Amino acid sequence: MADPRFFAKSGPFTLGELAARCGAKLAREADADKRVSDVAALDQAGPEHISFLDNRKYVDAFAASRAGACLVQDALAARAPAGMALLIALDPYRSYAKVARCFYPPAPPVPGIAAGAIVDPSARLGAGCRVEAGAVIGARAEIGARCLLGANAVIGEAVLLGEDCSVGPGASLGHCILGDRVIILAGARIGQDGFGFAMGAEGHLKVPQLGRVVIHDDVEIGANTTVDRGAGPDTVIGAGCKIDNLVQIGHNVQLGRGCVIVAQVGISGSTRLDDFVAIGGQAGFAGHLRIGAGARIAAQSGVIRDVDPGVSVGGSPAAPVSEWHRQTAAIRRLGRGKGE
């Protein structure tokens, strides 16, 4: 139940409409013509709402919920309270995301350039763009159609944005090329100097950072995250990557498709992540590593060696999860002492 001051709602929708849009199947006793007016959490929902159950931890809340309808896996449908209409889904959370987008579709930007924005005469803006107050667009920048540039955002000289991009308030972009539908949240820094120095007793000599940041389609980069430009090779963020807040990505790092990186991760320069790597919060990576496709890195891991495709690791230094658990158990036994 979103606050209407901040979120514009559509609907109501029938359960039949929602089932078709999210790929769920109505249980036999569900009325396809029944209307629901909003989404809500299990413990807050009423008869006019649709909710979802995706985690067995919340089965009791599901059984006690007053929701008029719910997305649920078939295996848990029997726990539903009387009178609740069920939409059976293989992945209820993903189906819920589609349902929520029906009620709260992304709003296109209201075209226009606000007073106080500064747009260089040589910059090019596509149709339907919105530039908020205080935003700056540098010389020769190219902004695709229907982009939203938030208040005080800075788009540097010659930066390229594809279509339907969103740059949050106070974010800054330089030396970078973005694909379509890229979301940069508030305060992010894209394309700053990489941390490169030739170290020596006579002083640390800064190495020119001559690469770019290349961000492919459908990427989201969280608030106050930093992505350094390459030193010579580019820093690359693959299509569909989702990067949380307060992440640091060093120069020359390359991310494959669909990587997920949780808050406060740090990835040192020239490390490569293949497709669909998932990284838990506060993990750290040494430089020049190769993390194989589908690898999973536990939160607070310290990764100092390559990780093979599909392997899950944890701990510091990171080890395969089974080995990490054995190490943790052994340390716990040592800590108990002889008399315990």
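Each value in this text was obtained by applying a stated rule to the coordinates, not by laboratory testing. If you're wondering where the values come from, they're calculated on a predicted model, not measured in any experiment. Here Cβ is always computed from backbone atoms with ideal geometry, including for glycine, and neighbour counts include all displayed protein chains.
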**Report entry** Gap separating the Cα centres of the range 164-215 and the range 264-307, nearest whole Å
**Finding:** 20 Å
Requested in this report: Return the label of the correct value of mean projected area of the Cα convex hull in nm², as calculated from the structure shown, out of (1) 23.9; (2) 18.7; (3) 16.5.
Outcome: (1)
Query raised in the report: What whole number of Å gives the distance from the Cα centroid of the range 16-82 to the Cα centroid of the range 130-159?
Result: 42 Å
**Report entry** Whether the range 242-314 is rounded, prolate or oblate, judged on the alpha carbon gyration tensor where a/c under 1.5 counts as rounded
**Finding:** rounded
Report summary line: Taking the chain and counting helices only, DSSP H stretches of n ≥ 4 at -39,500 (n - 2.57) each over all residues, the nearest-500 ellipticity at 222 nm comes to -3500 deg cm²/dmol
Query raised in the report: Based on Cβ point charges of +1 for Lys and Arg and -1 for Asp and Glu, what charge dipole magnitude is obtained for the range 196-340 about its Cα centre, in debye rounded to the nearest 20?
Result: 600 debye
Query raised in the report: What is the order of F7, F62, F13, fewest Cβ neighbours within 10 Å to most?
Result: F7, F13, F62
Query raised in the report: Under the Kirkwood approximation for Rh and a Cα-based Rg, what ratio Rg/Rh is obtained for the range 24-130?
Result: 1.26
Query raised in the report: Using mean Cβ contacts within 10 Å as the protection proxy, how do 19-27, 201-209, 71-79 order, highest first?
Result: 19-27, 71-79, 201-209
Query raised in the report: In the range 1-85, which GluC sites (Glu not before Pro) are in a loop and have at most 12 other Cβ atoms within 10 Å, using DSSP for the loop call?
Result: E29
Requested in this report: For K9, go through the aspartates and glutamates and keep the ones whose alpha-carbon is under 13 Å away, minus same-chain ones fewer than eight residues off.
Outcome: D38
Report summary line: Taking a ≥ b ≥ c as the square roots of the Cα gyration tensor eigenvalues, with a/c under 1.5 meaning rounded and otherwise prolate when a/b beats b/c or oblate if not, the range 171-323 comes out oblate
Query raised in the report: Assigning unit charges at the beta carbon (Lys, Arg +1; Asp, Glu -1) and nothing else, what dipole magnitude in debye, to the nearest 20, does the chain show about its Cα centre?
Result: 740 debye
Query raised in the report: Given the chain, what percent of its DSSP beta bridges are antiparallel, to the nearest 5?
Result: 10 percent
Report summary line: Per the 1/(1 + (r/R0)^6) rule, R0 = 22 Å and r from the Cβ atoms of A97 and K9, FRET efficiency to 0.05 is 0.85
Query - Eligible lysines near K242 by straight Cα distance, threshold 24 Å, same-chain separation 8 or greater - result: K98
Query - Of the DSSP H helices in the chain, those whose Cα atoms cover at least 18 Å axially and whose Kyte score averages -1.0 or more - result: 321-336
Report summary line: Rounded to 0.05, the calculated FRET efficiency for the beta carbons of D306 and Q327 at R₀ = 30 Å is 0.95
Query raised in the report: How many nm is it between the label spots at Y104 and A20, if each spot is 7 Å from the Cα in line with the beta carbon?
Result: 2.5 nm
Requested in this report: Of the DSSP beta bridges with both residues in the range 166-303, give the percent that are antiparallel, rounding to the nearest 5.
Outcome: 5 percent
Query raised in the report: Among M84, M1, which comes first, second and so on when ranked by fewest other beta-carbon atoms within 10 Å?
Result: M1, M84
Report task. Would you order T14, T225, T271, T328 from fewest to most other beta-carbon atoms within 10 Å of each residue's own beta-carbon? Result -> T328, T14, T271, T225
